[in-house]
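Enquirer: Take this structure first; my questions come after.
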Amino acid sequence: MKNLRVLIADDHETVRKGLCAILTSRDDIEVCAEACNGEEAVRLVRESKPDIVLMDFTMPVMDGLEASQQILRTFPELPILMLSTHRLDTLANAARDIGLRGYITKNESASSLLKAVDKAMRKDPFFVFA
């Protein structure tokens with residue numbers, strides 16, 4: 001069985017490493033690329049062709065919403081989950097409005113993150129609201 005390939009985009013290395021640890025705790029998930037800004041995320045999606053993207057909202061060079069919009073223009077079916085430290089309806093709604101599969105805060109549990117990934121891959125939405 002093929003592993004689920006995940007690209008993580010977050011400007012904080014500690015957060016990326018933590019997400020990697022959570023995701024790879026499952027045998028069926030591998031992290032295929034890590035990006036530290038939105039522009040790099042767009043490039044790495046083209047190069048690594050992940051099955052799903054975890055995208056931080058606030059990043060330098062290009063924020064997560066803009067990067068996600070660019071990615072979805074080329075790969076409209078690619079599931080993207082927006083990550084944020086903020087529990088704001090406006091951010092969650094903006095993510096949903098541009099076609100993202102979900103919005104999850106960084107303080108959610110590891111099991112919530114894995115549940116969000118599984119739901120996104122089934123094309124089910126996963127949005128955490130304030």
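Enquirer: Which value in nm describes the separation of the simple spin-label points at S111 and E47, placed 7 Å from the Cα toward the beta carbon?
Expert: The answer from the label model is 3.7 nm.
Enquirer: Using the Cβ atoms and a cut-off under 15 Å, what net charge is assigned to the surroundings of S109, where Lys and Arg are +1 and Asp and Glu are -1?
Expert: Taking every other residue near S109 into account, the sum is +3.
Enquirer: Where Lys and Arg each count +1 and Asp and Glu each count -1, what net charge lies around A94 among other residues with Cβ under 13 Å from its Cβ?
Expert: -3
Enquirer: Rounded to the nearest 500, what is the chain's calculated 222 nm mean residue ellipticity when only DSSP H runs of at least 4 contribute -39500 (n - 2.57) each, over all residues?
Expert: Taking each H run of at least 4 residues, the total per residue is -12500 deg cm²/dmol.
Enquirer: Residues with beta-carbon under 15 Å from that of T14, excluding T14: net charge, scoring Lys, Arg +1 and Asp, Glu -1?
Expert: With Lys, Arg at +1 and Asp, Glu at -1, the neighbours total -2.
Enquirer: May I ask you to derive the relative contact order of region 4-127, considering only C-alpha pairs under 8 Å and at least 6 residues apart, and to give it as an integer percent?
Expert: So the answer I get is 21 percent.
Enquirer: Right, another one. Can you tell me the equivalent ellipsoid semi-axes for the chain? Use √(5λ) from the Cα gyration tensor, largest first, whole Å.
Expert: Each semi-axis is the square root of five times an eigenvalue, giving 18, 17, 15 Å.
Enquirer: Here's something else I'd like to know. Where a Cα-Cα gap under 25 Å defines reach, which lysines qualify for K2, not counting those fewer than 8 residues away within the same chain?
Expert: Filter leaves K17, K49, K115, K119, K123.
None of the figures in this text is laboratory data; all of them are computed from the coordinates on show. Everything numeric in this text was worked out from a predicted model, so none of it was measured. We place every Cβ from the backbone using ideal geometry, glycine too, and count neighbours over all the protein chains shown.
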